[in-house]
Amino acid sequence: MQIILKSAREIEAMRRAGALAAAIVEKMRQRVCPGISTIALDDLVRIELSKAGAISTLKNLPSPEFPGHCCICVNDEVLHAPPGSRVLHEGDIVTLDVGVLLEGYCGSRALTVPVGSVDAERARLLRVTEQTLAMAIDQMKPGEKWSDIARLIQQNLESNGYNVVREFVGHGIGKALIENPPVPNFYGSDTLRRDFRLRPGMTLTVEPIVLSGSRGIYLMPDGFTVVTEDRTPAAHVRHTVAITGTGVDVLTKLLAEAG
């Protein structure tokens, strides 16, 4: 499995792409409210990308062409939902998933947020999902086996009563949105078979995809949207990170956070 290590110059380019992805997600988060449509949020992404001279990584993928500039998943939608006429309602949760290609390098950020006030169960799902991502990033340093971190992710989620998606995983990222290695959020024979040790210069997406109900998911007839089989809520968070000589550098920080 060939893993492309990045130079310091390339990581700085990815930081600029990551900061843009993070800034766009934050602007979307601020716009999320009852009554807004997902296409209105996508329009915001389109405008911000154009202003920055960037394009959506979704527009850089093979056919079929994705009908949007970002993915916006609501409630039981797990991944890859195209924006459209759907209107958000009080109590929903919505995943804002943005990937950008800027000056030849990619950055990718996702965050699940509440729409207005949400019930305690959904608030807990969001909180545990974000805590799990933070815990995983905190464990990342050169020499660590990814399988050990994946096991911690799975254990933390399952101990809180949740399931983790196995059909979709994180991945390497750089000039292409998806590079080696696969970065799973669970421990098992497949994880061990493709295990790797963290090395300086690796750039990865770390992204727990969390199900509040059973582990079953399926693809909707639109060919894009993945939903939970039991129609219970899901959450998804993602950071783009780089492994340094001593630890990890989160590339999808807002500039204020990075400062």
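The values are calculated or read from the model by the stated rules, or taken from the named source; none is laboratory data. Bear in mind that the values here come from a model prediction, so they are computed numbers and not experimental data. So basically every Cβ, Gly included, is an ideal-geometry build from the backbone, and we count neighbours across all protein chains shown.
Residue pairs whose Cβ atoms lie under 6 Å apart, separated by 6 or more positions or on different chains, with the first residue in the range 228-246 and more than 14 Å from residue 111 (Cα to Cα) and touching a residue at least 12 places away in the same chain (Cβ under 8 Å) and the second small (Gly, Ala, Ser) and in a strand (DSSP E or B), are 228/234. The residue that is surrounded by the most Cβ atoms within 10 Å (Cβ to Cβ), among those in the range 60-81 that are hydrophobic (A, V, I, L, M, F, W, C) and closer than 20 Å to residue 107 by Cβ, is 70. If you go through the range 221-245 and keep only what is touching a helix residue (DSSP H, G or I) at 6+ places or on another chain (Cβ under 6 Å) and outside any loop (DSSP other than H, G, I, E, B), you end up with 235, 240, 242. Tallying residues that are at pLDDT 95 or above and closer than 19 Å to residue 99 by Cβ within the range 242-256 yields 5. Each residue in the range 129-139 was checked for being of a type in the set (A, V, I, L, M, F, W, C) and surrounded by fewer than 21 Cβ atoms within 10 Å (Cβ to Cβ), and 3 pass. When we screen 127, 166 for residues that are under 20 Å from residue 110 (Cα atoms), among the basic types (Lys, Arg) and free of Cβ contacts under 8 Å to residues at least 40 places away in the same chain, the only hit is 127. Looking only at residues in the range 84-99 that are surrounded by fewer than 24 Cβ atoms within 10 Å (Cβ to Cβ) and among the small types (Gly, Ala, Ser), the one that is nearest to the chain's Cα centre (by Cα) is 84.
Yes or no, residue by residue, for (1) over 22 Å from residue 222 (Cα atoms); (2) of a type in the set (Asp, Glu):
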{"site": "53", "(1), (2)": "yes, no"}
{"site": "56", "(1), (2)": "no, no"}
{"site": "61", "(1), (2)": "no, no"}
{"site": "64", "(1), (2)": "no, no"}
{"site": "69", "(1), (2)": "no, no"}
{"site": "76", "(1), (2)": "no, yes"}
{"site": "88", "(1), (2)": "no, no"}
{"site": "114", "(1), (2)": "yes, no"}
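Has the range 142-150 got at least one residue that is crowded, with 19+ Cβ neighbours inside 10 Å and under 30 Å from residue 33 (Cβ atoms)? No, the range 142-150 contains no residue that is crowded, with 19+ Cβ neighbours inside 10 Å and under 30 Å from residue 33 (Cβ atoms).
As a summary of the residue check, residue 51 satisfies the conditions (1) over 17 Å from residue 205 (Cα atoms); (2) touching a residue at least 40 places away in the same chain (Cβ under 8 Å) except for the one numbered (2).
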